[in-house]
Amino acid sequence: MALLGASLLGCESEDLPPPTTNESVPVKFDVTVPADTPCGAIVAIVGNDPALGNGKPPGLALTRDVDGHFRGSAMFPVRKVLNYNIVLTNPSAQEPIAFHNYTVEARKDIERRWTVSRWSLAADPSQTPISFVVDVPANTPANAEIWLSGNQPELGNWNGAGVKLAKSLSGGSRYGTCVAFATDTHLEFKVTRGSWDFVEKDPRGREVDNHLHTVAAPAKVEVQVGSWRDLGPVEPEPDTLTGNIKYHDADGSSVGLKSRKLIVWLPPNYDAQTSTSYPVLYMHDGQNLMNAKTAAFGVEWGVDETAQQLTEAGQMEPIIIVGVYNTDDRIPEYTQVSTPQYGGGKADDYGRLLVEVVKPLIDMTYRTKPDARYTGVAGSSLGGLVSMYFGITRSSTFTRLGVVSPSVWWAERDIVTRVNNLGEKPPLRIWLDIGTNEDGSVAESQQTVEDTRMLRDALAAKGWVLNTDLKYLEAEGARHNEAAWAARSDQILKFLYPPVP
């Protein structure tokens with residue numbers, strides 16, 4: 001702070017004309033700072049008045065507002081000439097201008113505004129400040145705490161309450177914070193009121209995609225919350241079902257799992273062709289497959305419409321599709337081994353549910369072809385992972401696999417190790433795919449693609465032949481969501497169940 005002392009030398013209050021009145025008035029300071037100002041910086045006004053520290057830090061500390069400005073106020077005698085610097089007290093730095101002069105006027109609405117072009121301290125290149133600004137809907141409780149939760153440690157690693165936002169100093173519906181990240185970090189996050197029970201939704205009460213930002217330079221990221229999960233408004237989605245749809249309940253108690261619903265799509269003319277039996281495809285995350293009203297993110301795969309169109313056009317074999325709803329135990333049930341970070345490892349129990357509970361119910365209720373050569377299992381993400389696992393461990397039941405955007409990374413690529421350790425190649429027909437932009441960032445998406453290629457190559461090394469009993473697709477630009485999977489569901493169905501000659 002040597003420069004600060006020199007700039008204020010000879011400017012002490014005793015060297016200035018004394019005020020001619022005892023009146024004091026408030027002076028507001030509004031300082032705009034450079035975008036690379038550290039998130040934890042303390043900006044202060046230091047000058048020749050007790051309220052300004054009498055020339056010594058910390059002076060008048062300003063508060064960072066939602067819009068990135070630093071604001072504060074103090075009382076000063078009318079006609080006093082203020083000499084002050086704008087400084088950072090943590091870290092220690094100041095603007096290049098030596099000092100500012102201002103003679104306090106006899107009015108009540110004084111506001112001193114200034115923009116700092118740069119600080120004397122160079123920015124830390126390893127820490128890039130990102131300002132988050134969130135606008136919340138009018139029905140947000142006045143005492144609500146607003147949080148960000150996302151995919152980085154600084155955002156809580158998706159714990160529901162990662163970093164708390166401050167309310168705008170002027171009140172209203174704006175909240176904000178500043179968080180520093182390493183350059184090239186890919187951010188995904190959502191806004192909550194401290195828990196996933198109070199997560200943001202769109203204005204109609206539907207799920208919203210994760211907000212995305214790749215850190216390249218200091219930036220402001222703005223978000224508008226449409227509504228809250230627990231408050232609405234919720235405008236119910238209409239049913240979007242196509243074809244002959246049935247529902248059942250599957251009791252999971254016999255295998256130690258929770259019960260769940262099944263949604264069943266029957267092929268065209270099922271009721272008319274009473275002597276015909278059909279293959280069956282079992283699909284995970286059943287509520288997301290056929291009906292936007294029940295889909296977790298308001299977007300369905302559309303497998304009912306797709307199968308209806310393909311069957312009527314003779315482009316796939318007529319089949320029965322069974323969607324098995326997930327539960328809040330989705331991660332444990334869809335993973336074959338536990339990990340220290342995420343737990344898991346109940347896939348064998350879930351496999352028993354499908355084989356011992358769900359499949360017998362379907363085979364007893366509908367005209368099915370129950371043999372393994374006609375029976376498939378498919379899903380996306382962890383659902384793709386568990387489908388591959390069932391192909392390896394339960395090929396006596398399932399031989400047609402839809403392995404869609406699989407979470408190959410799980411447990412240090414355990415699924416690749418299992419394929420590599422296979423003895424005799426089971427008779428599986430496998431669809432395997434991945435989007436090239438699943439994670440929304442170049443680096444992370446490339447790793448996801450590389451993981452899936454590793455699984456493809458392991459299968460090929462064990463005897464599966466590309467474009468014969470193994471189909472591999474890299475969907476250009478495709479993300480990790482229902483819309484992307486819906487876009488290629490026709491290719492999946494046509495490969496797994498091609499039309500019978």
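What follows is calculated from the coordinates using simple rules that are stated; it is not laboratory data. The shown structure was predicted, so the numbers you read here are calculated from the model rather than taken from an experiment. Glycine also receives a Cβ, built like all others from the backbone with ideal geometry; neighbour counts cover every protein chain displayed.
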**Prompt:** Which three lengths, in whole Å and largest first, does the chain cover when its Cα atoms are put on their principal axes?
**Reply:** 107, 46, 41
**Asked** What is the distance in Å between the Cα centres of segment 254-270 and segment 373-387?
**Response** 15 Å
**Item:** Cβ crowding within 10 Å averaged over residues, with 412-421, 388-397 ranked highest first
**Value:** 388-397, 412-421
**Request:** Determine the sum of side-chain charges near Val280: Lys and Arg each +1, Asp and Glu each -1, restricted to other residues whose C-beta is under 12 angstrom from that of Val280.
**Result:** +2
**Message:** Please report the antiparallel percentage of the DSSP beta bridges confined to the chain, to the nearest 5.
**Reply:** 60 percent
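Quick one: order Ser168, Ser227 by neighbouring beta-carbon count within 10 Å, fewest to most.
Numbers: Ser168 16, Ser227 22.
Lowest to highest Cβ neighbour count: Ser168, Ser227.
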**Message:** Modelling each spin label as a point 7 Å along the Cα-to-Cβ direction, I'd like the Ala161/Asn139 distance in nm, to one decimal.
**Reply:** 2.3 nm
**Item:** Cβ-based charge dipole, the chain, positive-most Cα from Met290, Ala217, Asn244
**Value:** Asn244
**Request:** Considering the options Ala180, Phe198, Gly162, tell which one lies farthest towards the positive end of the dipole of segment 128-228, charges being +1 on Lys and Arg and -1 on Asp and Glu at the Cβ, about the Cα centre.
**Result:** Phe198
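Over the chain, what is the mean sequence separation of C-alpha contacts under 8 Å (at least six apart), divided by residue count, expressed as relative contact order in percent?
On the way: 1118 pairs, mean separation 46.2, N = 501.
Once divided by the residue count of the chain, the mean separation gives 9 percent.
Please label the shape of segment 244-496 as rounded, prolate or oblate, based on the square roots a ≥ b ≥ c of the eigenvalues of the alpha-carbon gyration tensor (a/c under 1.5 means rounded; beyond that, a/b larger than b/c means prolate, else oblate).
Details: a/c = 1.39, a/b = 1.29, b/c = 1.08.
It is rounded, given that a/c, with a ≥ b ≥ c, falls under 1.5.
Apply the membrane-span-like helix rule to the chain: whole DSSP H runs, Cα extent along the own long axis of at least 27 Å, mean Kyte-Doolittle hydropathy at least -0.5. List the helices found.
Numbers: long enough: 442-461 (28 Å, -0.35).
Once both thresholds are applied, what remains is 442-461.
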**Asked** Using 1/(1 + (r/R0)^6) with R0 = 30 angstrom and r between the beta carbons of Gln341 and Gln309, what's the FRET efficiency to the nearest 0.05?
**Response** 0.10
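Given the convex hull over the Cα atoms of segment 359-454, what projected area results after averaging over all orientations, in nm²? Write down the numbers at each step before the final one.
Values: hull surface 27.3 nm².
Computed as one quarter of the Cα hull surface, the answer is 6.8 nm².
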**Prompt:** In debye, nearest 20: dipole of the chain around its Cα centre with unit charges on the Cβ of K, R (+) and D, E (-)?
**Reply:** 280 debye
**Message:** Going by Cα centres, segment 447-480 and segment 86-111 are how many Å apart?
**Reply:** 62 Å
**Message:** Just to confirm my numbers, what's the Cα centroid distance between segment 318-363 and segment 121-163 in Å?
**Reply:** 35 Å
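How much length is gained on full extension from Thr327 to Asp251, taking 0.36 nm per residue of separation minus their Cα-Cα distance? Walk me through the intermediate numbers first.
Details: separation 76, 0.36 × 76 = 27.36 nm, distance 1.25 nm.
26.1 nm is the gain from fully extending Thr327 to Asp251.
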**Asked** Put +1 on the Cβ of each Lys and Arg and -1 on the Cβ of each Asp and Glu in segment 244-496; which of His480, Trp409, Ser275 then has its Cα farthest toward the positive end of the dipole?
**Response** Ser275
**Request:** State, to one decimal in nm, how far the label point of Thr115 lies from the label point of Glu412, with both points 7 Å from Cα in the Cβ direction.
**Result:** 5.4 nm
